[in-house]
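Heads up: the structure comes next, in structure tokens.
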Amino acid sequence: NAGVTQTPKFQVLKTGQSMTLQCAQDMNHEYMSWYRQDPGMGLRLIHYSVGAGITDQGEVPNGYNVSRSTTEDFPLRLLSAAPSQTSVYFCASSDTGRAPLHFGNGTRLTVT
Amino acid sequence: AQTVTQSQPEMSVQEAETVTLSCTYDTSENNYYLFWYKQPPSRQMILVIRQEAYKQQNATENRFSVNFQKAAKSFSLKISDSQLGDTAMYFCAFMKPSGAGSYQLTFGKGTKLSVIP
């Protein structure tokens with residue numbers, strides 16, 4: 001049982017490049033989400049999904065796209081990377097609205 | 001919208017001593033959940049403790065306990081017998097239990113705790 005798996009662990013992009021951060025969970029959780037963590041800002045919600053085929057925006061969605069074609073996977077896409085997207089990204093999942101989130105180990109992204 | 005405030009950006013404590021981290025929040029909800037997460041230098045987010053707002057009894061987990069004051073909207077974390085492994089960033093977080101905004105955590109900005117040998 002791997003929990004929440006994020007890949008890659010580290011990534012460096014040039015401005016304007018695109019990439020996808022991968023997130024997979026093997027706990028059959030309905031709820032998945034993406035957060036970004038910036039120094040002095042805590043974690044902020046980017047996008048979330050309450051089940052396959054359903055996604056919605058969080059607090060800071062601009063510049064990011066998501067899709068949820070399966071229960072297990074919830075990729076985060078950066079269409080045209082900007083230096084302001086330099087951050088640590090966390091994927092998290094939960095099985096109910098009462099349960100704590102399970103977090104992946106994060107992806108450190110640097111955009112130059 | 002909910003807000004979570006951690007007023008102590010950094011704290012330090014001697015090994016084996018007790019330390020309390022503060023957290024206040026603002027919400028119009030009556031039912032909700034509060035959490036403390038620990039983030040050591042490894043970057044992993046680890047759940048420390050959880051409190052349901054409808055429960056009057058304060059949650060405890062071994063050396064970790066909370067002081068939940070619902071009327072004051074305060075949720076402090078007490079760490080007893082501090083250990084070097086407690087050195088980490090600590091985040092307070094709020095979650096609605098159902099309806100719009102459920103499953104979503106609102107985090108404070110964190111308190112960096114250093115345990116001194």
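Net charge dipole, chain B: roughly 280 debye, given to the nearest 20, about the Cα centre with Cβ charges of +1 for Lys and Arg and -1 for Asp and Glu.
So if I take the centroid of the Cα atoms in segment B:17-71 and the same for segment A:75-108, what is the distance between those two points in Å? If we compute the Cα centre of each part, the gap is 22 Å. Summary: within chain A, the longest segment free of trypsin sites (Lys or Arg not before Pro) located in DSSP loops with at most 15 other C-beta atoms within 10 Å is A:15-97. Would you mind checking the pairs A:Lys14/B:Lys78; A:Lys9/B:Lys73; B:Lys38/B:Lys96; A:Lys14/B:Lys73; A:Lys9/B:Lys96 and listing those with alpha carbons more than 32 angstrom apart? Violating the 32 Å limit, Cα to Cα: A:Lys14/B:Lys78; A:Lys9/B:Lys73; A:Lys14/B:Lys73. Have a look at B:Ala71, A:Gly58, A:Leu101 and report the one farthest towards the positive end of the charge dipole of the protein assembly as shown, computed about the Cα centre with Cβ charges (Lys/Arg +1, Asp/Glu -1). Of B:Ala71, A:Gly58, A:Leu101, it is A:Gly58. Net charge around A:Arg68, counting only other residues with Cβ within less than 14 Å of its Cβ (Lys, Arg = +1; Asp, Glu = -1)? Overall, the nearby charge balance is -3. Radius of gyration over Kirkwood radius for segment B:1-66, both on Cα atoms: the Rg/Rh ratio is 0.97. Across the options A:Ser49, A:Val12, A:Pro39, the greatest Cα extent toward the positive end of the charge dipole of segment A:1-60 (unit charges at beta carbon of Lys, Arg, Asp, Glu) belongs to A:Val12. Under the simplified labelling scheme, the B:Thr3-B:Asn67 pair shows an inter-label distance of 2.3 nm, with each label point 7 Å from Cα along Cα→Cβ.
Computed about the Cα centre, the dipole magnitude for the protein assembly as shown is approximately 320 debye when only Lys and Arg (+1) and Asp and Glu (-1) carry charge, each at its Cβ. In this simple spin-label model, placing a label point 7 Å from the Cα along the Cα-to-Cβ direction at both B:Ala16 and B:Lys112 gives a separation of 2.8 nm. Among the chymotrypsin sites (Phe, Trp or Tyr not before Pro) within segment B:16-117, not one is in coil by DSSP while having at most 10 neighbouring Cβ atoms inside 10 Å.
Using unit Cβ charges (K, R positive; D, E negative) and no other charged atoms, how large, in debye to the nearest 20, is the dipole of chain A about its Cα centre?
380 debye
Quick note: the coordinates plus some simple rules give every number you see, no bench work behind them. The structure presented is a predicted model; accordingly, all values stated were derived computationally and were not measured. Note: ideal-geometry Cβ built from the backbone for every residue, glycine included; neighbour counts use all protein chains shown.
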